[in-house]
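Participant: Below is the structure I would like to discuss, written out as structure tokens.
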Amino acid sequence: MNDMDPNTKPTFRRFEEGDTEWELNEKIFQADTSYKCPTYVHKTPPCQGSCPSGHNIRGWLAIARGMDKPPVEDMAWQEYAFRSMVEANPFPATMGRVCPAPCEAGCNRNEVDDYVGINGVEQYVGDWANENNIKMGEPGADTGRKIAVIGGGPAGLAAAYFLRLDGHAVTLFEANEELGGMMRYGIPGYRTPREMLDQEIGRIIDMGVDVHTNTRVGTDVSMEEIDKSFDAVFWALGAQQGRPLPVPGWDGTENCINGIEFLDAFNKGWVVGTAKKVVVVGGGDTSIDVASVARRLGNITEVKASEHPDGTVIDWAAHDSAGLLTRAGVKATLTSLFPVEEMTAAEHEREDAKREGIDIQGSVMPLEVIKDENGVATGLNMCKCT
């Protein structure tokens with residue numbers, strides 16, 4: 001201990017009275033402060049306590065470190081970690097890519113040097129499971145009960161997964177052509193590769209989930225039919241309504257669109273180019289996605305005969321700005337009411353956007369949409385916040 005480099009911060013904590021606002025006996029002892037009565041306090045690890053999905057983070061990190069060995073001799077530790085992860089969330093590869101990682105903010109390691117890269121471990125294990133075609137566990141014994149899940153996004157798919165584990169028959173109804181919800185239609189494909197997403201969804205469907213896509217409940221199938229055919233209904237409609245900008249000039253302006261609508265249209269292949277200048281008002285991860293997509297798509301200056309909007313260009317143009325269309329660069333500006341360092345978007349997302357060439361301006365507030373005589377937005381009046 002005495003040979004430790006004085007410049008190296010120890011990975012343990014030295015506690016001394018007076019260093020903290022609380023007394024040591026408040027943390028260590030209860031009722032009796034004598035050495036004869038140590039008290040073991042059970043608390044949720046801060047990383048797990050910060051995880052909205054309820055992941056057993058400490059558990060699968062122990063597996064990754066080799067501290068917890070697989071129960072079967074020929075099982076890889078990655079599969080063992082995967083099994084632990086999907087006890088809470090069946091999308092580790094997706095979550096490892098897009099989760100804002102509040103667990104890392106709560107990581108105890110922050111008090112020593114820096115947080116553990118929990119997201120990176122989760123993504124690696126999820127990708128490994130995809131590459132090695134790891135399946136979900138077997139469905140539970142048949143209960144004889146039938147459950148309707150309305151909505152094929154992450155909540156609906158997760159519900160279908162856990163219901164099948166319990167042995168219930170599941171029928172899933174989805175209004176769109178493909179499953180995935182906001183994972184597919186709200187997040188750009190360069191962030192959640194579609195092949196990866198399809199694999200994670202596919203292993204849930206392979207558990208015996210009956211799927212009806214392009215089926216809207218209330219239109220294509222009535223609630224009366226649902227009530228008669230199923231023992232229970234799980235509604236997983238999602239939160240897919242964007243917010244308009246609450247300033248004069250926004251309502252009814254054709255080239256003003258909220259971020260959710262833009263990303264939905266983009267991911268469905270309806271948007272293959274943008275204007276020469278794009279202003280995004282926000283501050284969260286969605287605004288980063290919108291600005292990045294606009295920047296990548298560029299402004300189309302020439303459309304060749306084979307590249308018309310209803311042609312085959314749609315599928316790949318939605319996720320790759322390269323191609324046969326002639327494009328010009330787009331000036332994308334992202335504005336936030338808060339200072340840049342206080343934006344709700346993750347720091348690595350902001351840095352990625354800057355590398356993409358996006359101009360991020362903080363501490364500014366929109367006041368009014370400026371329009372020309374034709375009612376088309378040409379600018380945004382803003383003020384500096386101090």
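Participant: Residues with beta-carbon under 15 Å from that of ARG58, excluding ARG58: net charge, scoring Lys, Arg +1 and Asp, Glu -1?
Facilitator: Details: positive: LYS43, ARG65, ARG109; negative: ASP68, GLU87, GLU104, GLU122.
For residues surrounding ARG58, the net value is -1.
Participant: Report, by chain and number, residues whose modeled amide H sits under 5 Å from the one on THR274, excluding near sequence neighbours (fewer than 5 apart, same chain).
Facilitator: For THR274, whose amide H was placed from the backbone, the distant partners under 5 Å are GLY298, ASN299, ILE300.
Participant: Return the sequence-ordered ³J(HN,Hα) values of region 145-158 in whole Hz as given by the Karplus equation 6.51 cos²θ - 1.76 cosθ + 1.60 applied to θ = phi - 60°, using x for Gly and Pro.
Facilitator: Listing the rounded values in order: 9, 10, 10, 9, 10, 9, x, x, x, x, 5, x, 5, 5 Hz.
Participant: Through the Karplus equation 6.51 cos²θ - 1.76 cosθ + 1.60, θ set to phi - 60°, convert the phi angles of region 238-250 into ³J(HN,Hα) values in whole Hz; use x for Gly and Pro.
Facilitator: Ordered by residue, 3J(HN,Hα) equals x, 10, 10, 9, x, 9, x, 7, x, 9, x, x, 6 Hz.
Participant: How do GLU195, GLU261, GLU87 rank when sorted from fewest to most other Cβ atoms within 10 Å of their own Cβ? If you can, show how the numbers build up before the last one.
Facilitator: Numbers: GLU195 8, GLU261 13, GLU87 16.
Going from least to most buried by this count: GLU195, GLU261, GLU87.
Participant: May I ask you to evaluate 6.51 cos²θ - 1.76 cosθ + 1.60, the Karplus curve with θ = phi - 60°, for each residue of region 76-93 and list the ³J(HN,Hα) values in order in whole Hz, giving x for glycine and proline?
Facilitator: Calculated HN-Hα couplings, in order: 5, 4, 5, 5, 4, 5, 4, 4, 5, 4, 6, 5, 10, 8, x, 10, x, 5 Hz.
Read-outs: derived from the displayed coordinates by stated rules, not from any lab. This structure is a prediction, so every number in the text was calculated from the model and none was measured. Every residue, glycine as well, gets a Cβ built from its backbone with ideal geometry; the counts of neighbours run over all protein chains shown.
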